[in-house]
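**Q** So that we are looking at the same thing, I have put the structure below in structure tokens.
Bear in mind that the values in this text are calculations on the coordinates, not laboratory data. In this text, all values refer to a predicted model and were calculated from it rather than measured experimentally. FYI the Cβ positions are ideal-geometry reconstructions off the backbone, even for glycines, and counts take in every protein chain you see.
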């Protein structure tokens, strides 16, 4: 059961260099509530979430403590809007957004959701004048009621009953490698723990790096890793090393060292729901432009798929024992 206490909406306009915050909304309409509830439910079921904590140097420790005692959402919204605006300018991110802050109760826990919603996703708002003060509110239209989470959205959810945090930042993992920290990580001064997607991506990169370093077949190594990930949610790093690199002791040693450098846990429990379709198939692209997607579990079965090294140096791919070809 989710109960919404109040919300506030701020406009962060990077193009016109404008920030507008308003007083929080306490009397929430049905369509506003519907939109916010959809967002909250999506946030709590998002596989990209990462548990995190505020570093001791974070100035938001004091700001969050102040909010917990005085519930001054307007003050928090002003500070956050300015920080997000400044950080985006610093990083050259020209993405205007609406900053949604929601105070709510879920399962007897008090939460604060801080959600930076990119305006390119058509999140709509309107300004309402009440008692001489302007309120920015969620407008009623099909875009405003869209509860989906896009890659350009960022959020931080704070359980201030137990003082726990989780984060999802807009920046893709590949882009994140270019920066020490992402936008929200920097603003809140956060130490974020890797989620399952982070770990899987790091494992894949590590396996490919070691395979290339030792002149091993990268596709075979990647397939062996994916098979292990699909076989069980319980992953033991030493077993991965044995399965992927077999009798190559130097490769196994280097993989262990690299895993330690990347701080990959020795034992991992993976939520297999995060494995995407691409993790269950191996795409093969030939030099003449033919693409073949082969299920991982069938790739090493010669009665199903066979790779033949021809005398002239070319490779033939044979798909065996087919009873039907579907259009």
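**Q** Ranking 324, 166, 285, 219 by Cβ neighbours within 10 Å, fewest first, what do you get?
**A** Working: 324 4, 166 19, 285 9, 219 15.
Final ranking by Cβ density, sparse to dense: 324, 285, 219, 166.
**Q** Using label points projected 7 Å from each Cα along Cα→Cβ, tell me how many nm separate residue 139 and residue 45, to one decimal.
**A** A separation of 2.9 nm, rounded to one decimal place.
**Q** So if R0 is 41 Å, what FRET efficiency would residue 27 and residue 204 give, r being the distance between their Cβ atoms, rounded to the nearest 0.05? List each step's numbers first, then the result.
**A** Numbers: r = 50 Å, r/R0 = 1.21.
With a Förster radius of 41 Å, E is 0.25.
**Q** Same structure, new question: What FRET efficiency comes out for residue 288 versus residue 3 if R0 is 51 angstrom and r is the Cβ-Cβ distance? Round to the nearest 0.05. Could the numbers behind the result be given before it?
**A** Working: r = 60 Å, r/R0 = 1.18.
With a Förster radius of 51 Å, E is 0.25.
**Q** Using Cβ counts within 10 Å as a stand-in for footprinting exposure, how do 85, 255, 35 rank, fewest first?
**A** Values: 85 20, 255 27, 35 24.
With the sparsest Cβ surroundings first, the list reads 85, 35, 255.
**Q** Test of understanding: extend the Cα→C-beta vector of residue 250 to 7 Å, then name every residue of the stretch 210-224 with backbone N under 19 Å from that spot.
**A** Answer for the stretch 210-224: 210-218, 221.
**Q** Where in the stretch 184-207 does the label zone of residue 62 land, with the point 7 angstrom along Cα→C-beta and an amide N cut-off under 20 Å?
**A** Inside the label zone: 186-191.
**Q** Using Cα pairs closer than 8 Å and at least 6 residues apart in sequence, work out the relative contact order for the stretch 197-274, in percent.
**A** Numbers: 70 pairs, mean separation 28.3, N = 78.
Here the relative contact order equals 36 percent.
**Q** Testing the spin-label approximation: label points 7 Å from Cα along Cα→Cβ at residue 231 and residue 148. State their distance in nm.
**A** With each label point 7 Å from Cα toward Cβ, the separation is 3.7 nm.
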